[in-house]
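**Q** Structure incoming, see below.
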Amino acid sequence: MRLFRENRVVNWHEHVWLGPDGGLDRDRLRELVAIAKATHMDALVCSNPVMVPDSPPELARRCNDAVAEAAALHPGFIMGMGFVNPGFHDEAIAEVDRCILELGFAGVKLYNQYFISDPAVRGVIRRCAQLGAPILEHAGKLTHMPQSQPFLSDGAHFAKAASENPDATFIYAHIGGGGDWEWSLKAIAPHGNVFADTSGGGCDEGMIERAVELLGAGRLLFGTDMSFEAGVGKLLAADISWEDKKTILCNPRFEKYLERGPRHAD
Amino acid sequence: MLIDTHAYVGHYPFRAVGGATPAQLREKLARAGVGKAVVANIGAVFYRNAMAGNEELHSWLGDGDPDGMLVKACVINPAYPGWREDFVRCVEAFGCRLLRLFPIYHGYRLDSPECLELAALAEKLSVPLQLPCALENIRQRHRLDVDENLAPADVEPFLRKNSGADVIISNGPSLSFARELAGAAKGRRGKVCYDFARLSAFRGELPELIELAGAGGVLFGSMAPLQYIHPQLVKLAYMDVGEDAKARIRSENAAALLGLAAREE
């Protein structure tokens, strides 16, 4: 664990959740923070996505409020990613503004309501580009039961969105989240504005090495997505340089997004 | 010493995997601090005649692994002619200490008469049998690969009809298996053991698995070289169990089950 103990570790893919009372689930937050601290993490970038097709704007807002509450409870340790459903165009744009400009979140989280390349998402992408906010999109190339997530974005969807929006910054979520990760890595490799996070329970031998080979460490971000042992273990195991591991653990190109903070009404 | 009960050598057909030769695997295991690993030839899973894969394994490792690091496991398909002679040859001539079964890949039921006869023979020869639930995450499988994993419902009728064989269930949702198989496992002469390859060290799953499977029923298994070894090492480091239990999980349980030395001389 020396790698994690001795270096700054920013975990770009974690979650907080709503509890049974509809507010922030503080028990799960306590567990998350305890595990993250035990594994020597210095910052967690958390979102609270709604995983149903027609998630309404009011629910997205409540989820983002819970993220803001978690960030306020752990200032400097938890940072937010604001979730929106791009299908509700105007409300989604307004919520992006609220999350970035008022709540001081690091970026925006999209789930699988739409492919990232769908024209319905364009407005959100354009607004994120204007605000300098990276977009973390739930992703995967499922080879088994792809119909389980019919609008799950794979590498080709990211490649299209990246070509159409060269000034936007995309994060392909959880290369270890299941699916043919190599397929997607090859699809996004030519697009320098697409990054990938290393999270997910999948820990296929060679995954990190191949990701560094195809994207370079400078386009990778450390993450866990609730799979701490896999997230930590695959970085420890990877046959890449110490410097590349340090870059992935705290990607200098993304530090600027963590400097935003909530705007306080004075 | 750390004993890895679930490793492979040989060519995996659906993905280029580093560390597939015995020499490469040895290096990988040594780098992770694994002292011994039980290895089968992954080709034996995919060849129509699994025994050809066992023969390859024997040709690669010879009569005695020079440093004792790689312990041979055989793969037997009881639906393929000659399996009795093949299994006996694997144990007596090749020195295999473990029998790995792949009923989904080879197309038979664990409670088929042939498989039950194989399990009885394994018990007679003091060879535990291992049931890997999956080789790779189902969401990424090649279109020519199988599209299901071994489930508790596949194992339960086997356990009810076979009392004596020691059984290791690997690389699956061990806690669900242990809960669902608790009834069938009760009162058997043979052990039912599990690895923790798919469990979390942080959510109280390991203590519950130990409670269900017994202190002697939990083993270390990494799936090397298909999977990184270190995620399992992280679990071992962080699991919320006492040092005695950890020592048993690291090596003592596997050593007792497989008849291996648990500690360096």
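The values are calculated or read from the model by the stated rules, or taken from the named source; none is laboratory data. As the structure is a prediction and not an experimental result, all values here were calculated from the model. Every residue, glycine as well, gets a Cβ built from its backbone with ideal geometry; the counts of neighbours run over all protein chains shown. Remember, those area values only see protein heavy atoms, side chains included, never the ligands or the DNA or RNA. Shrake-Rupley method; radii C 1.70, N 1.55, O 1.52, S 1.80 Å.
**Q** Output needed: percent of Cα pairs per 5 Å distance bin for the stretch B:176-217, bins running from 0 to the one holding the longest distance.
**A** All Cα pairs considered, the percentages come to 5, 23, 36, 23, 9, 4, 0.
**Q** So how do B:LYS161, B:LYS186 rank on accessible area, 1.4 Å probe, biggest first, that is with the largest at the start?
**A** Numbers: B:LYS161 125, B:LYS186 170 Å².
Descending accessible area places them as B:LYS186, B:LYS161.
**Q** Let me ask something else about it. Using a cut-off of 13 Å between beta-carbons, work out the net charge of the residues near A:ARG8 (Lys and Arg +1, Asp and Glu -1, A:ARG8 not included). Mind dumping the intermediate values first?
**A** Numbers: positive: A:ARG5, A:LYS245, A:LYS246; negative: A:GLU6, A:ASP42, A:GLU255.
Taking every Cβ under 13 Å from that of A:ARG8, the sum is 0.
**Q** Amide H of A:SER47: which non-local residues (sequence gap of 5 or more, or other chain) have their own amide H closer than 5 Å, using H built in the peptide plane?
**A** A:GLU14, A:HIS15, A:VAL16, A:MET81
**Q** Can you give the % of DSSP beta bridges in chain A that are antiparallel, to the nearest 5? If you can, show how the numbers build up before the last one.
**A** On the way: 1 of 23 bridges.
If I count the DSSP bridges inside chain A, around 5 percent turn out antiparallel.
**Q** Please list, in order along the stretch A:194-207, the HN-Hα scalar couplings obtained from phi with the Karplus expression 6.51 cos²θ - 1.76 cosθ + 1.60 (θ = phi - 60°), rounded to whole Hz, x for Gly and Pro.
**A** 10, 9, 9, 9, 8, 6, x, x, x, 9, 4, 3, x, 4
**Q** From zero outward in steps of 5 Å, how is the percent of C-alpha pairs of the stretch A:204-264 spread across the bins?
**A** Reading the bins upward from 0: 4, 17, 26, 23, 14, 7, 4, 3, 1, 0.
**Q** So, one more: Can you tell me what the convex hull of the Cα atoms of the stretch B:18-129 projects to on average, as an area in nm²? The partial results should precede the final answer.
**A** Numbers: hull surface 27.7 nm².
For the stretch B:18-129, averaging the hull's shadow over all directions gives 6.9 nm².
**Q** I need the Debye-formula profile for the stretch B:3-258: one equal scatterer per C-alpha, no solvent, reported as log10 I(q)/I(0) at q = 0.13, 0.16, 0.17 1/Å, two decimals.
**A** Debye curve over Cα of the stretch B:3-258, log10 I(q)/I(0) at q = 0.13, 0.16, 0.17 Å⁻¹: -0.77, -1.23, -1.42.
**Q** Please compute one quarter of the surface area of the Cα convex hull for chain A and express it in square nanometres. Mind dumping the intermediate values first?
**A** Working: hull surface 52.8 nm².
So the mean shadow area of the Cα hull is 13.2 nm².
**Q** Using modelled backbone amide H atoms (1.01 Å from N, in-plane), which distant-in-sequence or interchain residues come within less than 5 Å of A:LEU221's amide H?
**A** Amide H neighbours of A:LEU221: A:ALA196, A:ASP197, A:THR198.
**Q** Looking at the stretch B:3-258, what % of its DSSP beta bridges pair antiparallel, to the nearest 5? Before the final figure, lay out each step's value.
**A** On the way: 0 of 23 bridges.
That works out to approximately 0 percent antiparallel.
**Q** Follow-up. Let me check something: with ligands and nucleic acids excluded, how do A:TRP17, A:TRP242 order by accessible area (1.4 Å probe), largest to smallest?
**A** Greatest to least solvent exposure: A:TRP242, A:TRP17.
**Q** May I ask which residue of B:GLY33, A:ILE188, B:PHE177 lies farthest towards the positive end of the charge dipole of the protein assembly as shown, with charges of +1 (Lys, Arg) and -1 (Asp, Glu) on Cβ and the Cα centre as origin?
**A** Of the options given, the answer is B:GLY33.
**Q** Using Cβ-Cβ distances only, list the Cys residues of the protein assembly as shown with no partner cysteine under 4.7 Å, sorted by number.
**A** For the protein assembly as shown, the answer is A:CYS46, A:CYS63, A:CYS99, A:CYS128, A:CYS203, A:CYS250, B:CYS115, B:CYS133, B:CYS193, because their Cβ atoms have no other cysteine Cβ under 4.7 Å.
**Q** For the stretch A:160-175, take each phi angle, set θ = phi - 60°, evaluate the Karplus expression 6.51 cos²θ - 1.76 cosθ + 1.60, and give the result in whole Hz per residue in order, putting x for glycine and proline.
**A** Here the 3J(HN,Hα) series is 5, 4, 5, 5, 6, 10, x, 8, 9, 10, 10, 10, 6, 6, 5, 5 Hz.
**Q** If you count only protein heavy atoms and use a 1.4 Å probe, how large is the accessible surface of A:MET51, to the nearest 10 Å²?
**A** For A:MET51, solvent-accessible area is about 100 Å².
**Q** Can you tell me the alpha carbon radius of gyration of the stretch B:117-254 divided by the globular rule-of-thumb value 2.2 N^0.38 Å? Intermediate values should be presented prior to the final figure.
**A** Details: Rg = 15.0 Å, N = 138, 2.2 N^0.38 = 14.3 Å.
Against the compact-globule rule of thumb, the ratio is 1.05.
**Q** Would you mind telling me which residue in B:ASP240, B:ASP195, B:ASP63 has the biggest mean-square fluctuation in a Gaussian network model of chain B, where springs connect alpha carbons within a distance under 10 angstrom?
**A** Taking springs between Cα atoms under 10 Å, the residue moving most is B:ASP63.
**Q** Continuing with this model, one more query. Would you pull out the residues with amide H under 5 Å of B:HIS6's amide H, same chain only if 5 or more places away, H placed 1.01 Å from N?
**A** Excluding prolines and chain starts, which carry no amide H, the hits are B:VAL38, B:SER222, B:MET223.
**Q** HN-Hα J couplings of the stretch A:72-84 from phi, Karplus 6.51/-1.76/1.60, θ = phi - 60°, integer Hz, Gly and Pro as x?
**A** 5, 6, 10, x, x, 9, 10, 10, x, 10, x, 8, 9
**Q** Right, another one. Over chain B, calculate the relative contact order: mean separation of alpha carbon pairs under 8 Å at least 6 apart, over the residue count, as a percent. Before the final figure, lay out the partial values.
**A** Values: 482 pairs, mean separation 49.6, N = 265.
Here the relative contact order equals 19 percent.
**Q** What is the average number of partner chain Cβ atoms found within 10 Å of a Cβ in A:133-146? The partial results should precede the final answer.
**A** Working: counts 0, 0, 0, 0, 0, 0, 0, 2, 2, 4, 9, 10, 3, 1.
Mean shielding count: 2.
**Q** Got a sec? Which residues of the stretch A:197-224 lose 30 Å² or more of accessible surface with every protein chain in place, vs. that chain alone, 1.4 Å probe?
**A** A:CYS203, A:ASP204, A:GLU205
**Q** Take the solvent-accessible surface of the protein heavy atoms, probe 1.4 Å, and return the percent of it on the stretch B:3-258 that carbon and sulfur atoms account for. Could the numbers behind the result be given before it?
**A** Values: 4760 of 9790 Å².
Ligands and nucleic acids excluded, carbon and sulfur reach 49 percent.
**Q** Using a Gaussian network model of chain B with C-alpha springs under 10 Å, which one of B:ARG31, B:ARG100, B:ARG198 is most mobile by mean-square fluctuation?
**A** B:ARG31
**Q** Could you tell me the accessible area of A:LEU73 in Å² (1.4 Å probe, neighbours in place), rounded to the nearest ten?
**A** Here the residue's solvent-accessible area equals roughly 80 Å².
**Q** Now, a different point. For the protein assembly as shown, take the convex hull of the Cα atoms, compute a quarter of its surface area, and give me that in nm², please. Intermediate values should be presented prior to the final figure.
**A** Details: hull surface 97.9 nm².
Averaging across all directions leaves 24.5 nm² for the Cα convex hull.
**Q** Let me ask something else. Mind checking the stretch A:164-266 for trypsin sites (Lys or Arg not before Pro) that DSSP puts in a loop (not H, G, I, E or B) and that have at most 13 other Cβ atoms within 10 Å? Display every interim value, and only then the final one.
**A** Numbers: sites: A:LYS186, A:ARG210, A:ARG219, A:LYS234, A:LYS245, A:LYS246, A:ARG253, A:LYS256, A:ARG260, A:ARG263; in loops: A:ARG260, A:ARG263.
Listed in order of number, the matching sites are A:ARG263.
**Q** Would you please classify the overall shape of the stretch A:9-135 from the alpha carbon gyration tensor, given that a ≥ b ≥ c denote the square roots of the eigenvalues, rounded means a/c under 1.5, and beyond that prolate means a/b larger than b/c while oblate covers the rest? Walk me through the numbers before you get to the answer.
**A** Numbers: a/c = 1.98, a/b = 1.55, b/c = 1.28.
Prolate, since a/c reaches 1.5 and a/b exceeds b/c.
**Q** Computed on protein heavy atoms with a 1.4 Å probe, what is the summed buried accessible area for the chain pair B and A, in Å² to the nearest 100?
**A** On the way: alone 11720 and 11140 Å², together 20460 Å².
Chain pair B/A: roughly 2400 Å² of buried accessible area.
**Q** Leaving out ligands and nucleic acids, note down the accessible area per residue over the protein assembly as shown with a 1.4 angstrom probe, in whole Å².
**A** On the way: 20460 Å² over 531 residues.
Computed with neighbouring chains in place, this is 39 Å² per residue.
**Q** Pop out the carbon and sulfur fraction of the accessible area of the stretch A:2-148 as a percent, whole number, probe 1.4 Å.
**A** Numbers: 3000 of 5730 Å².
Ligands and nucleic acids excluded, carbon and sulfur give 52 percent.
**Q** By the scheme Lys and Arg +1, Asp and Glu -1, what is the net charge of all other residues having a beta-carbon under 13 Å from that of B:GLY183?
**A** Numbers: positive: B:ARG160, B:ARG179, B:LYS186, B:ARG188; negative: B:GLU156, B:GLU180.
Once all neighbours under 13 Å are counted, the net charge is +2.
**Q** Positive end of the charge dipole of the protein assembly as shown (Lys, Arg +1 and Asp, Glu -1 on Cβ, about the Cα centre): tell me which of B:PRO103, B:THR21, A:LEU29 has its Cα farthest that way.
**A** My answer, from the dipole projection, is B:THR21.
**Q** Shape verdict for the stretch A:130-248, please, from the Cα gyration tensor: rounded (a/c under 1.5), prolate (a/b greater than b/c) or oblate.
**A** Since a/c reaches 1.5 but b/c is at least a/b, the shape of the stretch A:130-248 is classed as oblate.
**Q** Further, regarding this structure: Put +1 on the Cβ of every Lys and Arg and -1 on every Asp and Glu Cβ in the protein assembly as shown; which of B:PRO152, A:SER153, B:LEU258 then has its Cα farthest towards the positive end of the dipole?
**A** Of the options given, the answer is B:LEU258.
**Q** Counting alpha carbon pairs within less than 8 Å and at least 6 residues apart, what relative contact order, in whole percent, applies to chain A? Don't jump to the answer; show the numbers that get you there.
**A** On the way: 567 pairs, mean separation 47.3, N = 266.
With pairs under 8 Å counted, the relative contact order is 18 percent.
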